[in-house]
Amino acid sequence: MNVLFHTATAVGLFSAVNNSSFNSFVKGGIFFFGGIIIHGILDYTPHCYPLDAKMDVIISTLVITFLLIGVQRENRVLLFISILGNTFPDLIDLGPSMFNKYLGFNIPIIDKVFPWHWKEYSGSLYSGDCRVSHFNHCAVILGVFISVVLNKSD
C-alpha cells in the first residue's frame with residue numbers, strides 16, 4: 001500500500017491506544033511494533049497503488065508534518081513513533097532505492113527484510129483489476145475514521 005495509507009493506520013493506532021492507561025514506554029512499543037504488524041497485514045492484503053511513489057511520498061510528508069504540528073505537544077513523540085512503526089518496513093526495504101532514484105544517492109541495495117515485500121507474500125496487484133483494492137483502501141480509511149471519532153480527545 002502507499003505510504004499515505006500506512007500513515008493513516010498510524011493515526012488510527014495512535015487514537016485507539018493513546019488514551020489507555022499504559023505508560024508512555026509501553027505505548028511507544030505498541031505504536032512501533034504494532035505499526036510494523038499492521039504494515040505487514042496491509043501489504044499482504046491485495047492492493048493496487050492509487051498514487052505513484054513520488055506523489056505518495058510528497059503528500060505523505062505533508063500530511064505527517066501537519067499531523068505532528070496539529071497534535072497536542074505532549075503527544076507528538078508518541079504519534080511520531082506510531083508513524084515511524086507503520087512506515088518502517090518501507091523505509092528499510094524500499095527507501096534506499098527511492099533515495100537513489102529521486103535524490104541521486106548511492107545507497108547500497110540489500111535484499112528485502114520484511115516478507116510482505118517479497119514477491120510471493122506481497123498483495124500487490126498488477127492485473128489492472130483494482131476493485132478488491134478499492135474496497136480494502138476504503139475499509140482502512142473507515143477503520144481509521146471510526147478509531148479517531150471514538151477517541152477524538154487527542
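Throughout, read-outs are computed from the coordinates displayed, never taken from laboratory work. If you're wondering where the values come from, they're calculated on a predicted model, not measured in any experiment. No Cβ is skipped: glycine too gets one built from the backbone with ideal geometry, and neighbour counts run over all protein chains shown.
A simple spin-label model places pseudo-atoms 7 Å from Cα toward Cβ; at residue 106 and residue 65 they are separated by 3.0 nm. Across the range 52-60, computed HN-Hα scalar couplings (Karplus, 6.51 cos²θ - 1.76 cosθ + 1.60, θ = phi - 60°) run 6, 4, 5, 5, 4, 5, 5, 5, 4 Hz from first to last residue, x flagging Gly and Pro. Taking Cα centre as origin and charging only the Cβ of basic (Lys, Arg, +1) and acidic (Asp, Glu, -1) residues, the dipole magnitude of the chain rounds to 280 debye.
With no solvent and one equal point scatterer placed on each C-alpha of the range 65-154, evaluate the Debye formula and give log10 I(q)/I(0) for q = 0.10, 0.17, 0.25 Å⁻¹, two decimals. Scattering profile of the range 65-154, log10 relative to I(0): -0.42, -1.06, -1.20. If you take the Cα centroid of the range 6-69 and the Cα centroid of the range 104-141, the two points sit 15 Å apart.
When the square roots of the Cα gyration tensor eigenvalues are ordered a ≥ b ≥ c, the ratio a/c for the range 35-78 is 1.5 or more and a/b does not exceed b/c, which makes its shape oblate. Along the charge dipole of the chain, which of 46, 91, 69 sits closest to the positive end, that is, farthest toward it, with unit charges on the beta carbon of Lys, Arg, Asp and Glu (+1, +1, -1, -1)? Ranked along the dipole, the leading option is 69.
Estimated purely from DSSP H runs of n ≥ 4, each contributing -39500 (n - 2.57), the mean residue ellipticity at 222 nm for the chain is -22000 deg cm²/dmol once divided by its residues.
Shape of the range 1-79 from its Cα gyration tensor (a ≥ b ≥ c, root eigenvalues): rounded if a/c is under 1.5, otherwise prolate when a/b > b/c, or oblate? Note, shape of the range 1-79 comes out oblate. Residue by residue, the range 93-108 carries 3J(HN,Hα) couplings of 7, 10, x, x, 5, 5, 4, 5, 5, 8, 10, x, 6, 10, 7, x Hz when phi is fed to the Karplus relation 6.51 cos²θ - 1.76 cosθ + 1.60 (θ = phi - 60°); x denotes Gly or Pro. Between residue 94 and any residue 5 or more places off or on another chain, the built amide H atoms are never under 5 Å apart. Once the dipole of the chain is set up with Lys and Arg at +1 and Asp and Glu at -1 on Cβ about the Cα centre, which of 139, 16, 35 lies farthest towards its positive end? Positive-most Cα among the choices belongs to 16.
Within the chain, the cysteines lacking any other cysteine Cβ closer than 4.7 Å to their own Cβ are 138.
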